[in-house]
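Before any comments, here is the structure.
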Amino acid sequence: MVSGGSVNPQGAPEGNPGGSAQPKKLRRALIFLGPPGAGKGTQAKEIAQMYGLPHLSTGDMFRDHVARGSELGRRAKPIMDAGQLVPDDIVLGMVEERISQPDCAGGFVFDGFPRTIAQAEKLGKILERTRFGSPVVLLLEAEPEELVRRMGSRLACAKCGTTYNLTVQPPRETAKCDRCGGPLAQRADDREEVVRERLAVYERQTKPLVDFYRKRGELNELDGTKPVETVRRELMDVLGRLS
Ligand code: ADP
Ligand code: AMP
């Protein structure tokens with residue numbers, strides 16, 4: 001599974017879907033924060049493509065390790081299946097290695113990272129050291145029952161990771177990826193009992209990051225319940241105002 005590239009299940013025009021001027025270059029670390037199902041992946045992939053930045057989803061990276069049967073994948077799988085967080089040292093090692101790659105020299109878009117205060121603090125140090133400065137945090141929020149509904153109807157391509165939704169973003173052909181033709185399936189951790197545990201884990205371990213970044217003046221709050229296109233336009237407005 002790859003983590004990046006264009007995700008455009010409904011065939012909207014690519015590169016500049018909002019129809020506004022070409023986005024300016026951003027040498028920044030963007031962070032998509034929010035509960036599972038809030039739309040981080042949907043938006044982060046598009047924004048990354050529009051700004052020419054790599055999309056770094058730690059969830060996709062772990063799923064890739066699981067699919068390849070690597071040592072890291074074997075350690076992460078039972079934790080992911082239970083809806084818990086992979087230990088910070090494992091996540092941070094994987095992220096540090098990834099952002100040292102040449103394609104990250106001009107900035108990157110995190111999706112699902114950081115997820116604990118310890119991850120956020122370590123990331124802050126890395127960004128200082130690598131002269132990226134303060135991150136741009138984009139918080140997407142929605143009510144728990146909406147999140148449960150969304151994840152219950154989410155489908156993901158086993159080959160390229162593109163996500164769909166049976167209600168709002170259906171694939172053109174049943175169970176087949178528009179982008180690569182790969183098979184679509186529900187994620188193992190999108191079963192309702194695991195989803196509820198993931199939401200509880202978010203409240204306990206990740207939500208404190210909202211205040212962490214708000215206090216630093218780095219938080220941008222967006223209403224994730226609006227339609228996909230509206231959220232994207234609002235994200236572009238936020239990014240367009242950055243100096
Ligand atoms: P996350 O990465 O935050 O877990 P996703 O981007 O995978 O969330 O979105 C979860 C599900 O909700 C997907 O099936 C996606 O198609 C759908 N979705 C994303 N954004 C919206 C939205 N604004 N309104 C309704 N459904 C959405
Ligand atoms: P996601 O695709 O972001 O919903 O992540 C799927 C699963 O991967 C999570 O439920 C965690 O088990 C694991 N995971 C992804 N990102 C992180 C992270 N930053 N810290 C800890 N675990 C993570």
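The values are calculated or read from the model by the stated rules, or taken from the named source; none is laboratory data. Being a predicted model, the structure only gives us computed values, none of them experimental. Note that we place each Cβ from the backbone using ideal geometry, even for glycine, and neighbour counts take in every protein chain shown.
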key: Sole residue being more than 16 Å from ligand 1 (Cβ to nearest atom) and either modelled with pLDDT under 95 or of a type in the set (Asp, Glu) (or both), chosen from Ala67, Ala82   = Ala67
message = I'd like to know if the range 106-128 contains one or more residues that are buried (at least 16 other Cβ atoms within 10 Å of the Cβ), touching a residue at least 40 places away in the same chain (Cβ under 8 Å), of a type in the set (Lys, Arg) and under 23 Å from Ala185 (Cβ atoms).
response = no
query = Consider Glu192 against the criteria (1) closer than 25 Å to Leu53 by Cβ; (2) in contact with a helix residue (DSSP H, G or I) (Cβ under 7 Å, 6 or more places away or on another chain); (3) at pLDDT below 95: it satisfies all of them except one. Which criterion is unmet?
reply = (1)
ask   = When you scan the range 73-114, how many residues do you find that are more than 26 Å from Ser134 (Cβ to Cβ) and in a helix (DSSP H, G or I)?
value = 9
request  = Find the residue count for the range 59-95, including only residues that are among the aliphatic types (A, V, I, L, M) and touching a strand residue (DSSP E or B) at 6+ places or on another chain (Cβ under 8 Å).
outcome  = 1
key: Filter result for Asp211 (farther than 19 Å from Thr58 by Cβ, in a helix (DSSP H, G or I) and over 18 Å from the mean Cα position of the chain (by Cα))   = yes
query = In the set Gln186, Gln169, Gln205, Gln101, which member is surrounded by 18 or more Cβ atoms within 10 Å (Cβ to Cβ) and either more than 18 Å from Thr225 (Cα to Cα) or at pLDDT below 95 (or both)?
reply = Gln169
query = Within the range 153-185, how many residues turn out to be part of a loop (DSSP other than H, G, I, E, B) and farther than 15 Å from Asp60 by Cβ?
reply = 11
Pro54 vs. criteria within 16 Å of ligand 1 (Cβ to nearest atom), under 18 Å from the mean Cα position of the chain (by Cα) and crowded, with 16+ Cβ neighbours inside 10 Å = no
inquiry  = Val2 - would you say it is β-branched (Val, Ile, Thr), surrounded by fewer than 20 Cβ atoms within 10 Å (Cβ to Cβ), assigned to a loop (DSSP other than H, G, I, E, B) and at pLDDT below 50?
reply    = yes
